[in-house]
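Enquirer: The following block contains the structure, expressed as structure tokens.
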Amino acid sequence: MACRPDAAMVFGQVVIGPPGSGKTTYCVGMRQYLEALGRKVAVVNLDPANENYTYPVAANIHELIGLEAAAAHCELGPNGALVYCFEYLEANLDWLVAKLAALADSYVLIDMPGQVELYTHHPSVRNVLQALTGSVHSHRLCAVHLVDAHHCADAAKFISVLLVTLSTMVQLEMPQINLLSKVDLIEAYGDLAFNLDFYTDVLDPSRLLPYIEEQDGAFAPTNPNPNPNPNPNPNRNPYPSPYPSAGWRLRAPPRQAQ
């Protein structure tokens, strides 16, 4: 199906990530940065649980459905209510399409919920985003996935973060940039096992296995070689993969204008 001639194409970012990763703070900082460059920016809140945003809201999912109302009406807990809210949004996508059409002259930042199940295996978020970026509406959106940089200080947590990130990339099937947020605080969590480039490039996560064994003994050593990296070139992965890599970029909080 060809794009409708009257459709207004929107460019923007879909900001996702676990709870507490800094999604709303990122939206505030990115909005300030783009406005300083002279860009017109609009922030859309699609998190039914977010009532403490500190940015002007151009469109708010609370106008369509609220988390507490969904939980009370359907007798659901907070996680189930979030899933229901996005199923309701998917069924009433015309509301979001109309809101984005009114923002066609702005660069759009979409602040999303922090429930990772919405991005790893539940279909509603994927269906909504694919409908917006498909041939009918043809909006140009990129996912920005934030993860707290303190996970780099724990090998097991970092592996878990990689798996969640890859699951999100496979599930959403859209351009995605992965950011380590709060990187300015990373030293507060102790020394890293490797330099920061190791965690941003993610070339050979298997080098973290000895540190996981040291932490909790969850993995029994299978290689008598004490060298955890038998590859003579430590910056090259000897087992290239055809699948997308969960590489990272770094993000620190924006400096306030003087």
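The values are calculated or read from the model by the stated rules, or taken from the named source; none is laboratory data. Being a predicted model, the structure only gives us computed values, none of them experimental. We place every Cβ from the backbone using ideal geometry, glycine too, and count neighbours over all the protein chains shown.
Enquirer: For the range 230-250, indicate whether the set of residues that are surrounded by 14 or more Cβ atoms within 10 Å (Cβ to Cβ), modelled with pLDDT under 90, outside any loop (DSSP other than H, G, I, E, B) and not hydroxyl-bearing (Ser, Thr, Tyr) is non-empty.
Expert: Yes - at least one qualifying residue is present in the range 230-250.
Enquirer: From the list Ala59, Ala71, Ala81, Ala98, which residue is under 25 Å from Gly134 (Cα atoms), touching a helix residue (DSSP H, G or I) at 6+ places or on another chain (Cβ under 6 Å) and aliphatic (A, V, I, L, M)?
Expert: Details: Ala71 fails: under 25 Å from Gly134 (Cα atoms); Ala81 fails: under 25 Å from Gly134 (Cα atoms); Ala98 fails: touching a helix residue (DSSP H, G or I) at 6+ places or on another chain (Cβ under 6 Å).
Going through Ala59, Ala71, Ala81, Ala98 in turn, the sole match is Ala59.
Enquirer: Can you confirm whether Tyr88 is modelled with pLDDT of 95 or more and more than 19 Å from the chain's Cα centre (by Cα)? Walk me through how you get there before you give the answer.
Expert: Values: modelled with pLDDT of 95 or more: yes; more than 19 Å from the chain's Cα centre (by Cα): yes.
Against the criterion (modelled with pLDDT of 95 or more and more than 19 Å from the chain's Cα centre (by Cα)), Tyr88 qualifies.
Enquirer: Just to be sure, is Ile186 farther than 30 Å from Ser124 by Cβ, at pLDDT below 90 and touching a Cys at 6+ places or on another chain (Cβ under 7 Å)?
Expert: Yes; evaluated as a whole, the condition is true for this residue.
Enquirer: Right, another one. What pairs come out if I take residues in the range 114-135 that are under 17 Å from Gln176 (Cα atoms) and pair them with residues that are charged (D, E, K, R) whose C-beta lies under 6 Å away, six or more apart or interchain?
Expert: Asn127/Glu90; Val128/Glu90
Enquirer: Kindly establish whether Tyr107 is surrounded by fewer than 21 Cβ atoms within 10 Å (Cβ to Cβ), at negative phi, in contact with a strand residue (DSSP E or B) (Cβ under 7 Å, 6 or more places away or on another chain) and among the aromatic types (Phe, Trp, Tyr).
Expert: Judged against the criteria, Tyr107 is a match.
Enquirer: Follow-up. Somewhere in the range 195-205, is a residue out of contact with any Leu (no Cβ under 7 Å at 6 or more places or on another chain), at pLDDT below 90, among the hydrophobic types (A, V, I, L, M, F, W, C) and closer than 21 Å to Tyr26 by Cβ?
Expert: Yes: one or more hits.
Listed here are the residues, each with its yes/no results for (1) at pLDDT 95 or above; (2) touching a Lys or Arg at 6+ places or on another chain (Cβ under 7 Å).
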site	(1), (2)
Thr25	no, no
Ala36	yes, no
Glu75	no, no
Ser106	yes, yes
Glu117	no, no
Val128	yes, no
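Enquirer: Within the range 144-173, work out how many residues are of a type in the set (A, V, I, L, M) and farther than 22 Å from His122 by Cβ.
Expert: Adding up the residues that qualify gives 5.
Enquirer: If you don't mind, there's one more thing I want to ask. Which residue out of Leu146, Leu163 is crowded, with 21+ Cβ neighbours inside 10 Å, of a type in the set (A, V, I, L, M) and at pLDDT 90 or above? Explain how you work it out, then say what you get.
Expert: On the way: Leu163 fails: crowded, with 21+ Cβ neighbours inside 10 Å.
None of the other options fit; the residue is Leu146.
Enquirer: Scan the range 28-37 for residues that are out of contact with any Ser or Thr (no Cβ under 8 Å at 6 or more places or on another chain) and either among the aromatic types (Phe, Trp, Tyr) or more than 16 Å from Leu103 (Cα to Cα) (or both) and jot them down.
Expert: Those that are out of contact with any Ser or Thr (no Cβ under 8 Å at 6 or more places or on another chain) and either among the aromatic types (Phe, Trp, Tyr) or more than 16 Å from Leu103 (Cα to Cα) (or both): Gly29, Met30, Gln32, Tyr33, Ala36, Leu37.
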